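Read the structure below first, then the notes.
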Amino acid sequence: AAAAAAAAPRLAVAPAPEPEPEPAPRAAWTPSEPSGEPVATTPEGDRWFAAVQQLIASEAITALVRELALQSQLMHCEGDHWTLCVQRQSLNQATARERLRAALAEAGLAQQLSVEIGAVSDTPARRNAAAALQRQRVAEEIVMNDPLVQTLMREHGARIVPGSIKPA
């Protein structure tokens, strides 16, 4: 009996492998702009956002001038004199300021422009980031609530790869 027990094959039970952790979704990188923060809009911000969109669409501003406009907040409008605030000193270069002023004057928006350094909260870049985040959330919600997707996940173990859903 001892020989039979020694000759019988032994079954080794290996522990079940742990599932691999899902990779964290990649965050979109936007220079110096916090992602996911709501933008508290202002009337000046509405005016500045529309002006910047107009200048970009007409290709009146590019490169550093465009970045200055996108990262700036309109603080005051007094007639033809507009005062902007930008958080980063590196964007507040004399050449960029003058090109932005010239583009605003050509568009009939402002003849004089001042740029101060300080904290900003309502910039075109922040509005664009908030809108992109909202579009992303809506796209993810549509996919996750789709009955076919839910069936595939429930019955076949399908999963959505993090970061793979892109809004149209």
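A few points about this structure:
- In terms of overall dimensions, the C-alpha atoms belonging to the stretch 37-168 reach 64, 26, 25 Å along their principal axes, ordered largest to smallest.
- The peptide list 132-139, 99-106, put in order of mean Cβ contacts within 10 Å with the highest first, becomes 99-106, 132-139.
- Across the accessible surface of the stretch 48-110, with the other protein chains kept in place and a 1.4 Å probe, carbon and sulfur atoms take up 47 percent.
- Applying 1/(1 + (r/R0)^6) with r as the Cβ-Cβ distance of Leu152 and Ile56 and R0 = 45 angstrom yields a FRET efficiency of 0.65.
- Using R0 = 41 Å, the C-beta based FRET efficiency linking Gln136 and Gln89 works out to 0.85.
- Accessible area per residue for the stretch 35-168, computed on protein heavy atoms with a 1.4 Å probe, is 59 Å².
The values are calculated or read from the model by the stated rules, or taken from the named source; none is laboratory data. Computed from a predicted model, the values in this text were never measured in an experiment. Cβ sites come from the backbone with ideal geometry, for glycine too, and all protein chains shown count toward neighbours. Ligands, DNA and RNA are excluded from the accessible area calculation, which covers all protein heavy atoms including side chains. Shrake-Rupley method; radii C 1.70, N 1.55, O 1.52, S 1.80 Å.
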